[in-house]
Every structure is written in structure tokens, then in C-alpha cells.
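The values are calculated or read from the model by the stated rules, or taken from the named source; none is laboratory data. Since this is a predicted model, take the numbers as computed values, not measurements. Neighbour counts run over all protein chains shown; Cβ positions are idealised from the backbone, glycine included.
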Amino acid sequence: MRPTFPFFKPKEETDKSKIFKPSRRDFLKVSSLATGGFFLGITFQCSGPKGSDLIFAPNAYLNIDADNLITIVAHRSEMGTGIRTSLPMIIADELGADWSKVKIIQAEGDEDKYGDQNTDGSYSVRMFYEPMRRAGATARHMLLLAASQKWKVAMDDCYTENGMVHHTESEKSISFGDLVSEVQKMEIPRSEDVILKPFSDYKLIGKDIPIYDAKDIATGKAIFGADVDLDKMKIAVIKRCPVVGGKAISVNDTAALAISGVEKTVKIEGAGLPAGLDKPLEGIAVIATNTWAAIKGRDALEVDWDLGENKEYDSAAQLQEMLKSTEEKGKVRRARGDFEEAMNSASKTIERTYELPYYAHATIEPPAAIANYSNGKCEVWAPSQHPQWARGAVATALGIEVEDVTMNVTLLGGGFGRKSKPDFIVEAAILSKEMNGPVRVQWTREDDLHHDFYHALSAQRIRASLDGSRKLVGWNHHTVFPAIGATSNPAEIHPSDGELGLGCVDFPYDVPNIRIETHESKAHTRIGWLRSVSNIHHSFAINCMMDEVAEARSIDPINNALEMLGEDRNLSFKEELDGDFSNYGESIEEYPWETGRMKAVIQRVAKEAGWGQRLGGNKAMGFACQKSFLTYVACIVIAEKGDDGKIKVSDVHYAVDCGIGVNTDRIRSQFEGGAQFAHGLATSSAITFKNGKVEQNNFDTYLITRMPQAPKKYHIHIVESMEKPTGVGEPPVPPYAPALANAVYKLTGKRQYKLPFSI
């Protein structure tokens, strides 16, 4: 199965969602997940990315049993976003369930049963909000009808609440469980007869609801990837080629096999070049009875590598080449007016370059996967964001049918896009087949940093031209970075339309002359998507430049942004692009770029943060804004200089318009975590390559934000909205670094053009 890129692929226009009563055959498929009672299937083919390789299939199931227990099958992967809570609670709220009696079960990875399960791109709630509501409303309709027939009263005089059907006039009530036998005999009502609740009647949606797994996580009962323990399971660690594309010439495993507990070494054939997004790297696996023996065995291996064509790769040198290329004319990807004429007649042109390094995902749980191959079939347990892709990759690697692979999804100790790639899962499957039994592949932190799918390094040059009245009349943005697609196809040497649609060609400001250009850049390592993808580097460059533009115009940065967004209107960009505008997989007509909504979040964050107040000489505010994953975000960072001269962030304010906020607790948590994630990208995190190898080894050299460095206070201001819900996992990241950089400038007088920077 091919991977789906949720921010690149357009959705299908037809909404084919439906509610159905599963057949006996369908029931048997998921009989381990429901023990009887009223069984309802939900098929989603709705708002969200689609590909021709995705089949029309049920995505989730709802079961109500005679004991009034409601079981909902969650088909998305939980990695701290709360999606395993938020989607089921939509069904439960529309149904009128007692949330304390709702049981959530994680679906296995199976597209025949659950359709698209890819948990990437901040689109799960956006994609499934309406179908989940309709599923709950359908079940509620049937329960109301059953109760009204039982009581011989009008259905409209009944309502559901806390797992009961109530009759308003007589005050009769009956549990859902006591109506199961009647509901089982009913046909599914016509969709036009099913009425959704008004938003004001919701008890869960729009409220703070703790994540379903919170207690198990806090008490250590939750099962993450490395927690799965099978009888007679072996542990494998792998010595992978340190340079992407390299091959093992010879191996001496004598010393490794002499270590107590080590049983075998196995060569894993790598894909070479291109490395691909779903294939393992070349490596020698050490298989042992325990993790420590496997690690010590790996240390004892002697491997002679042919490091291949990337053996002399130097990321610093490539970055300088990329910067130099931005001085030349590039491939024009968006054009409005005549930038050259605007620049030539301008009274002032500001020209700046911006540099960003590679970034690693650095999930707190390094990749781990368990596979058990036997008799031509393979069962897998893994923290996967994209279980169907993993299932297909395992089947291909083992030469078996997809139907012979069972994919169990554990909780993920962080994802950020890394665990959608199934290379580590394929490794486990290959080694399990070799051992004809269960094997866990365990990556160490060093493995994780050395062999990631990195966020691409980038170079940008922006020229902003002002006329005699200090109006911004010209904008020229050069951007260059290795494309994600180059990991599978080396011929892709320019960023894709989808990558440019992440904060670059969707430049929203009302400037009469715009030219956006890209340049060639080759990938020398594995490039992948990381939380908010190329919004990271585009937002940094654009928001830092806009702060300089405001200064050059002698206008407050907030007022500058509001003025340049222009009158409230919808933007499409299409007519100015040399290519497609992906709009995160959505129709631009259904999800337009609305300047009014962006202006509203800017005004809200300015008000809440007290923008414009006198802070004193040791404090300053910085501002940035970004629309990403269809969500409007404005950010103000308040930085403070201590007596030691070091700068810390005392407060960070976000205003966010994500449409209907399904679980406000999770929205705040995502923005708090997003600020910490972005703080590391801004101030400490960086991956560099020398002689083809990653120079960082662990969290001592690849620094993530610790508590002393983290912002001290978080203020998340959620705009109340009845617009369609959009994503919140990735939008916190892009505006934070430029807001911090702009605050640092106010404190120090020094502009920041390169990430990370020291504070």
C-alpha cells in the first residue's frame, strides 16, 4: 500500500459516509471487539485526503450491550493528541451516553475493517467530526423510537441523557441496554430522518475531557510499543550503515556471538538508493535473549562498510550551496504583478537570508516493534501512525499476502510523523521470519537520531520592497530544501506543490507584486515529514521579515499585519500558481483562506497578552501568526532577560481558531506541548552531517527543551466558533520560533536569521 500524504492529496468530492447494521460476516470480523447487543457500523469517506488505493470500508463500530456498556472502536492511533478520546466522545455526546460507561478499544490495522487509519496531518477530527456525529445521532434515533413504541408516546417527547431514554411528560426512563433487543430488530433510519443535536445540548463536545488513557498511563498500565512481551520473544538491535545508501562488505561476528545471551546475527538487506520511505536501511542485527546482551553484541560487531555516494556529504557545505543558489533566478512557483519593476522603482528594499538545519523527531519512545512470524503468517505489535502502510510493507518484505498480516496498534510515546514510516516494523518482521518466532526490534536513542527521516534543512532569501510612502509593494521569496519525495525518487530536486502550500505560496498579505521561486536541492539522507512540515521554515522567514517590514514602515507589527491582510475576504491563490494548491487536501471553496479569521486571532492574542503595554527594559514581546492545517493561529512570546544576561520565556500566548473545539483540554495540551517542541527547534535542536554521518548521538548533543528552559506560563485562548473543526496537533509549532526571535530582537537589538539561536 502506498503512503498517503494528508497535506498533499486532494479529497474526493463525494461524501459517501453511511451508517449500517453489519452483516453476520461483518460482525464476525470484529467479534473479538464486541460481545453482542446492538451493533452499528460507520463508514467514513468524507472530509479528508483520499487516494485511489483506499477502499470503501467501515471505519469504526459502536456496540451497546444489555448491561448498558457502550463500546466504541477507535480507528486512529493515540500518541498524546487525545484522538482516541476525542473521536469516540463525539459519538457518545450525540448519542447521549454516560461517558463513565463508555469503553474504547483500539482497532487493529486493517483497511478492510476500518478504512483509512493514517493518523497524520492534523486531520482526524476534521475528517470524522460529521460522520461521528451522524453515527451517534442514528443510534439515538433508534433508541428514541424503541422507547416511544414501548411507551406508546410521541418520539419527539423523548430525549437521551446519561445512557437513558427519558420521557418528558411522564418522567419515565429506561436504559439503553434495556432497549437493545428492540433496536436490534430495526432497520437503519433514512439519513434525512436523523436530526443532529444543537450544539447547546452537548455535554462533552466543547468541554475539557481528560484523555481516556490518562489513568493507565499514570499508573504504568498503558501498553506502548516496547511494553509488549511475548513468550519466548527474542530481542534484536541493529548496527545500521552510518551513511544512507551504504552496504555491508564483510562482517566479523565472532566477538558478538561470544557474549552471553547472544544467539544469532542476521544481515538485513537495505534498499540502497533511493532509500524509500518504507524500507529498512542496510544493517546487521544481533538477536539475543535480552536487550543488554543484544546491545553489547552489537558493540562487538566488526563491519566493513561501503559507504556509497553519500560518504563525503557535509550538511554545512550543502547549506552554503543552497544559500548561494538563492541569489540566482529560480523556478517561479507563484507570480503576481511585476516584482522586478516594483523593486527597481522602490525607495527601499530589505533583503535577508534565513537558514534552518535538519531536525529529528526525537520521540520520547524510540521506535520499537514486535513481530511473530509462523506458518506463513505474521502478527505485529507496533506504535504505528499508519498501520495499513506498515501492514502492506510487512507483507511485501515477507512475500506474503496482506491478509496474512495482523497489525496490532499500541499507544505511541510520541509520533510527530516519525512513526508513520514503517521501516522499523519491517525490520521486526524480517527478523521474526528468520527466527520463526517472536522478535522485538528495539531502537536506542542513538539509533533514532542517526537513522531518522529528517525534517529538511532549508535556505531562504526574501526581498521586500517599499515605495516612497513606505507601502510594501514587492515580495520575492526564494526557498530551497530537499523534497520529501526525493527519499523515494531522486529526480525530485524541487519542493513539491504540496510542500510549498505549507506556508509559502499561500502568502496572504495584500502586496501588488509577488514572486516566489524554488531552486534545485538533492537529498543526501532520508527526508520525511515532521510536526507542521515546511511550515516550520517558511513561517520563520516570513514572520521575521514581516517584523522588519513593520519596523521599516514605522508601524507596530500587529497593526502592520492587520493592515496588510486587507479587507475581510477569501483567498484562493490558484490563479497565480505554477502548479496545484493542495490546501491540506481540502477544497479551497469549502475551506478558504479567510483573512477575517486571521485578523480576529491576531486581535485576540494582542488583547489577551496586553500588547503595547510598557514592560520595562528587561522584558519584550514578539509576535507572529500562521495559518497551517486550516487552523488560524497568532502567537505572542514574552521574553525576559535575567541578571545573568540570559533570556527566558516568561509567557507564551496563543489565540487559535480551529473551528468547533471538540475537546478543549486537548487543544490546550497540544498548544502547550507545541510551544515546548518549537522552543527546542528555535534554540537548541539541530542535526548536522559530516562525512555522510550524523554528528549528534543523544540528548546531550541533540538538545530538546527541558523544564528550566521551557516557557514558564502558557495562555491558550480558544476562539469560540461554529466553523468546521480543523487540526490542532501541528499548528502550534510554526509561529513560535519567529515570535521568540522578534521578542529577542526587541530585547537585544539583534535580529535572528538562523535556527537554532542562543538565548
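Do the conditions hold for Ser170, that is, is it assigned to a loop (DSSP other than H, G, I, E, B), surrounded by fewer than 22 Cβ atoms within 10 Å (Cβ to Cβ) and free of Cβ contacts under 8 Å to residues at least 40 places away in the same chain?
Here the answer is yes, as Ser170 does meet what is asked.
Scanning region 691-737 for residues that are among the hydroxyl-bearing types (Ser, Thr, Tyr) and either on the phi > 0 side of the Ramachandran plot or not in a loop (DSSP other than H, G, I, E, B) (or both) gives Tyr714, Tyr736. The residues listed here are Val243, Val251; of these, the one that is buried (at least 17 other Cβ atoms within 10 Å of the Cβ), of a type outside the set (Gly, Ala, Ser) and either at pLDDT 95 or above or within 30 Å of the chain's Cα centre (by Cα) (or both) is Val243.
Each residue in region 229-276 was checked for being within 13 Å of Trp305 (Cα to Cα), of a type outside the set (Ser, Thr, Tyr) and touching a residue at least 24 places away in the same chain (Cβ under 8 Å), and 15 of them qualify. Note on region 201-215: residues that are under 17 Å from Gly659 (Cβ atoms) and not β-branched (Val, Ile, Thr) total 4.
Restricting Ile542, Ile516, Ile588 to those that are crowded, with 24+ Cβ neighbours inside 10 Å and either in contact with a Cys (Cβ under 7 Å, 6 or more places away or on another chain) or free of Cβ contacts under 8 Å to residues at least 24 places away in the same chain (or both) reduces the list to Ile516. If you go through region 551-580 and keep only what is more than 16 Å from Ile602 (Cα to Cα), assigned to a helix (DSSP H, G or I) and touching a residue at least 24 places away in the same chain (Cβ under 8 Å), you end up with Ala552, Glu576.
Among the residues of region 202-218, is there at least one that is of a type in the set (Phe, Trp, Tyr), surrounded by fewer than 16 Cβ atoms within 10 Å (Cβ to Cβ) and not assigned by TED's automatic domain parsing to the domain that holds Gly661?
No, the conditions are met nowhere in region 202-218.
Checked against (1) crowded, with 24+ Cβ neighbours inside 10 Å; (2) assigned to a helix (DSSP H, G or I), Asp156 passes all but condition (1).
Residue by residue, here is whether (1) of a type in the set (A, V, I, L, M, F, W, C); (2) more than 22 Å from His451 (Cα to Cα) holds:
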{"site": "Glu492", "(1), (2)": "no, no"}
{"site": "Leu502", "(1), (2)": "yes, yes"}
{"site": "Phe507", "(1), (2)": "yes, yes"}
{"site": "Asp510", "(1), (2)": "no, yes"}
{"site": "Ile514", "(1), (2)": "yes, yes"}
{"site": "Thr518", "(1), (2)": "no, yes"}
{"site": "His524", "(1), (2)": "no, no"}
{"site": "His538", "(1), (2)": "no, yes"}
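Residues in region 115-133 that are surrounded by 23 or more Cβ atoms within 10 Å (Cβ to Cβ) and more than 20 Å from the chain's Cα centre (by Cα): Pro131, Met132. Filtering region 193-236 to residues that are out of contact with any helix residue (DSSP H, G or I) (no Cβ under 8 Å at 6 or more places or on another chain), under 20 Å from Ile105 (Cβ atoms) and of a type in the set (Asp, Glu) leaves Asp216, Asp227. Counted as qualifying within region 328-436 are the strands (runs of 3 or more DSSP E) with 3 or more residues that are in the same structural domain as Lys471 (by TED's automatic domain parsing) and not aliphatic (A, V, I, L, M), namely 331-336, 348-356. Restricted to region 395-422, and to residues that are aliphatic (A, V, I, L, M) and more than 23 Å from the chain's Cα centre (by Cα), which residue is surrounded by the most Cβ atoms within 10 Å (Cβ to Cβ)? Residue satisfying both the conditions and the ranking: Val405. Within the set Thr631, Thr595, the sole residue that is touching a Gly at 6+ places or on another chain (Cβ under 7 Å), farther than 15 Å from Leu562 by Cβ and in the same structural domain as Lys713 (by TED's automatic domain parsing) turns out to be Thr631. For region 73-103, which positions are over 19 Å from the mean Cα position of the chain (by Cα) and under 26 Å from Gly392 (Cβ atoms)? Of everything in region 73-103, just one residue is over 19 Å from the mean Cα position of the chain (by Cα) and under 26 Å from Gly392 (Cβ atoms), namely Val73. Being buried (at least 18 other Cβ atoms within 10 Å of the Cβ) and under 11 Å from Pro711 (Cα atoms) is the filter here, so list the residues in region 648-671 that pass it. Once the filter is applied, which keeps residues that are buried (at least 18 other Cβ atoms within 10 Å of the Cβ) and under 11 Å from Pro711 (Cα atoms), region 648-671 yields Val649, Asp651, Val652, His653. Taken over region 520-539, residues that are crowded, with 24+ Cβ neighbours inside 10 Å, more than 15 Å from the chain's Cα centre (by Cα) and closer than 13 Å to Thr479 by Cβ amount to 4. Under the condition of being surrounded by 21 or more Cβ atoms within 10 Å (Cβ to Cβ) and either over 24 Å from Thr726 (Cβ atoms) or at pLDDT below 95 (or both), the residues counted in region 635-646 number 2.
Has region 480-491 got at least one residue that is part of a strand (DSSP E or B) and over 26 Å from the mean Cα position of the chain (by Cα)? No, that holds for no residue. If I ask for residues that are within 16 Å of Leu204 (Cα to Cα) and of a type in the set (Val, Ile, Thr), which ones from region 122-177 would you list? Within region 122-177, Val125, Thr160 meet the criteria.
Within region 502-532, the residues that satisfy the criterion of being over 20 Å from Lys754 (Cβ atoms), out of contact with any Pro (no Cβ under 7 Å at 6 or more places or on another chain) and of a type in the set (A, V, I, L, M) are Leu502, Val505, Val511, Ile514, Ile516.
Being surrounded by fewer than 20 Cβ atoms within 10 Å (Cβ to Cβ), at negative phi, assigned to a helix (DSSP H, G or I) and of a type in the set (Gly, Ala, Ser) is a property that does not hold for Gly680.
When you scan region 739-746, do you find a residue that is crowded, with 22+ Cβ neighbours inside 10 Å, of a type in the set (D, E, K, R) and either modelled with pLDDT of 95 or more or in the same structural domain as Cys544 (by TED's automatic domain parsing) (or both), even just one?
Initial filter on region 739-746 (crowded, with 22+ Cβ neighbours inside 10 Å): 739-744.
Retained after the next criterion (residues that are of a type in the set (D, E, K, R)): none.
No, the conditions are met nowhere in region 739-746.
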